[in-house]
Structures are given as structure tokens and as C-alpha cells.
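What follows is a short report on a single structure.
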Amino acid sequence: MVRAPLTPEQIAAGRRLGAVLREWRGPRTVAEVAEGAGISPETLRKIESGRLLTPSFATVVALGRSLDVPVELLADAVAGAAPMPSARSTV
């Protein structure tokens, strides 16, 4: 089965997710957050840099837990429904 190309909206949402995660990671290292989420540091780097635009829901949930950020806040920020807060300002 061939996967359909991502829409411009999906690409933009993936990039927003990466930016939100970078912002909320703050001074913590990629390795520290990735370990807390049970993913590889390279996977987190790809998500943050926009090279992996559609991580699994389980990965997003695990990252939210590792960062102590509710999934709802991640979803709102990615959807553009909420401003991207500065690191840890609303959590």
C-alpha cells in the first residue's frame, strides 16, 4: 500500500510539533527527553527538525509525558489553536 503524500497543512502541523517540542524541552538535552519518552535521540531530533513530520500518537503521548506537558496542550499548539508558550511557562 502506497502512502499518500502529506498535505501542506500536515507538513505545517508537523513542523509546529517540532517547534513546540524544542521550546518545551528548554535546557534539557535531546538524550534526556528521548530516554524519558522511550525513543531514540535521533527520532526526537528528526521530529524537532521537521524531518519526521508524522510521529505516531504513542510517541507524541510519550514525549508529552517526558516533558510533563499534557497532550491537549501539544495538540492545541500544533493545531495553532493556542500560542506556543515559552519553555515551561504554562506547565
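The values are calculated or read from the model by the stated rules, or taken from the named source; none is laboratory data. This one's a predicted model, so the numbers in the text were calculated from it and none came from an experiment. Because the Cβ atoms are built from the backbone with ideal geometry, glycine has one as well, and the counts that use them run over all protein chains shown.
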### Task
Mind listing whichever residues of the stretch 38-59 are of a type in the set (S, T, N, Q) and exposed (fewer than 13 other Cβ atoms within 10 Å of the Cβ)?
S49, S56
### Task
Just name the residue that is farthest from R22 (Cα to Cα) out of those in the stretch 60-70 that are touching a residue at least 12 places away in the same chain (Cβ under 8 Å) and buried (at least 17 other Cβ atoms within 10 Å of the Cβ).
A62
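From the list L63, L52, which residue is under 22 Å from P8 (Cα atoms) and either assigned to a loop (DSSP other than H, G, I, E, B) or at pLDDT 95 or above (or both)?
On the way: L63 fails: under 22 Å from P8 (Cα atoms).
Only one candidate passes the filter, namely L52.
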### Message
Show the residue pairs meeting these rules: Cβ distance below 7 Å; 6+ apart or different chains; first residue within the stretch 1-20 and without any contact (Cβ under 8 Å) to a residue 40 or more places away in the chain; second residue assigned to a helix (DSSP H, G or I).
### Response
G18/I47; G18/E48; G18/S49
### Task
Kindly indicate whether V2 is over 11 Å from the mean Cα position of the chain (by Cα) and β-branched (V, I, T).
yes
### Query
Taking the stated definitions as given, is R28 in a helix (DSSP H, G or I), surrounded by 13 or more Cβ atoms within 10 Å (Cβ to Cβ) and at pLDDT 95 or above?
no
#### Entry: Subset of the stretch 1-25 [among the basic types (K, R) and assigned to a helix (DSSP H, G or I)]
R15, R16, R22, R25
### Query
Which number in (1) loosely packed, with under 15 Cβ neighbours inside 10 Å; (2) modelled with pLDDT of 90 or more; (3) basic (K, R) marks the one condition that R3 misses?
(2)
